[in-house]
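Below is a structure I'd like to ask you about.
None of the figures in this text is laboratory data; all of them are computed from the coordinates on show. Because the structure is a prediction, the values reported are computed rather than measured. All Cβ positions, even for glycine, are placed from backbone atoms using ideal geometry, and neighbour counts span all protein chains on display.
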Amino acid sequence: MSSSTASDSADRIDRVYTRCVVFPEQLEPDANGLAFVGADFAQPTIVEAYRRGLFPWRGGPEIPWYCPDPRAIVRAGALHVTHSLAKRARNAGLAVAFDHDFRGTMLRCATTRRRHEQTTWISPDVIEGYCALHAAHLAHSVEVYLGDEPVGGLYGLTFGRFFHGESMYHRTRDASKLALWALSDALAAHGFELIDCQVPTDHLLRLGAEAWPRARYLASLTVNASAPSLHETWRSWRADCLPQWALTP
């Protein structure tokens, strides 16, 4: 897809969003953050959900949409990375790429086994919906490679100056941390402000995430809605913290 075609597609999705009301005006998340069950993974639905502070997660056959309280937020460029992590990454020969294998990154997120999870919420419908948004340059991926082998990565969506992380995986030590580090580094270089990491964990807090009350996060979304969006491919992006993977764009 050409840059102009992708931009036109992204603008069209934005226009559709203004006419698309899938979720109730008043949402009342429960104690676990579950705010709504139902809807679909059509592009306008996904766009509306994230702009309302919702994201899909594990649950039953109907789609559960969550808005947790508090919310895990990392300020772009402010990830806490130890010198030992940086040294291990370079010694291991790991390298980073952006938007080179979005579908593959989603598939590996879906198939990587996780503790305490028997199934994945990243269904074929989820993959197709997000891949359509990737084609319009609203969804992006970060990939970490060891030689030619993908060993870690993440994906998510951008609106305004926010990146909404959706899932990550690693198949070698530190690879997902390195993907998040590269993302934070590159987002800061391109004028982004925040990374929404969804649910706070001890791991994310050690990396520098902040636990924002839901009301503060939703207020920031309202302000961000008027910020200009960068609906463009990230294939030429670089992160100074890691070598660029040697793949011809």
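Using alpha-carbon positions, what is the distance between the centroids of the range 81-102 and the range 186-249, in Å?
If you average the Cα positions of each part, the centres end up 17 Å apart.
Pop a pseudo-label 7 angstrom from the Cα along the beta-carbon direction at both Val223 and Thr111 and give the gap in nm to one decimal.
Reported label-point gap for Val223 and Thr111 is 4.3 nm.
Also: For Ser236 and His83 in the same chain, what is the full-extension length gain: residue separation times 0.36 nm, less their Cα-Cα distance, in nm?
52.4 nm
Using just the C-alpha positions of the chain as equal point scatterers, what log10 of I(q)/I(0) does the Debye formula give at each q in 0.07, 0.09, 0.12, 0.18 1/Å?
For the chain, the Cα-only Debye profile gives -0.21, -0.36, -0.66, -1.63.
Go ahead and run the numbers for FRET between Ser123 and Asp148, Cβ-Cβ distance against an R0 of 35 Å, rounding to 0.05. If you can, show how the numbers build up before the last one.
Values: r = 28 Å, r/R0 = 0.81.
After rounding, the FRET efficiency stands at 0.80.
Net charge near Leu218: determine it from the other residues with C-beta under 11 Å of the C-beta of Leu218, scoring Lys and Arg +1 and Asp and Glu -1.
In short, +4.
Right, here's the next one. Hey, what did the range 159-208 get for relative contact order, percent, Cα under 8 Å, at least 6 apart?
53 percent
About its Cα centre, how strong a charge dipole does the range 29-84 have in debye, to the nearest 20, once Lys and Arg get +1 and Asp and Glu get -1 at the Cβ?
In total the dipole reaches around 280 debye.
Calculate the dipole size of the chain relative to its Cα centre from +1 charges on Lys and Arg beta carbons and -1 charges on Asp and Glu beta carbons; express the result in debye to the nearest 20.
720 debye
Just name one of Ala179, Gly165, Pro61: the one whose Cα is farthest towards the positive end of the charge dipole of the chain (beta-carbon charges, Lys/Arg +1, Asp/Glu -1).
Positive-most Cα among the choices belongs to Ala179.
Could I ask something else about it? So which helices of the chain fit the span-like rule, where a helix is a whole DSSP H run, its Cα atoms reach 20 Å or more along the axis, and its mean Kyte-Doolittle is at least -1.0?
Numbers: long enough: 3-19 (25 Å, -1.04); 175-189 (21 Å, 1.07).
Span-like helices here: 175-189.
Output the relative contact order of the chain, whole-number percent, from Cα pairs under 8 angstrom with separation of 6+ residues.
Normalised by residue count, the contact order of the chain is 27 percent.
Right, next: Please compute the length gained on full extension between His190 and Ala92, using 0.36 nm multiplied by the number of residues separating them and subtracting their Cα-Cα distance.
Contour length minus the Cα-Cα distance gives 32.5 nm.
To continue, here is another question. May I ask what percent, to the nearest 5, of DSSP beta bridges between residues of the range 71-224 are antiparallel?
Details: 28 of 31 bridges.
Antiparallel bridges make up about 90 percent of those DSSP assigns within the range 71-224.
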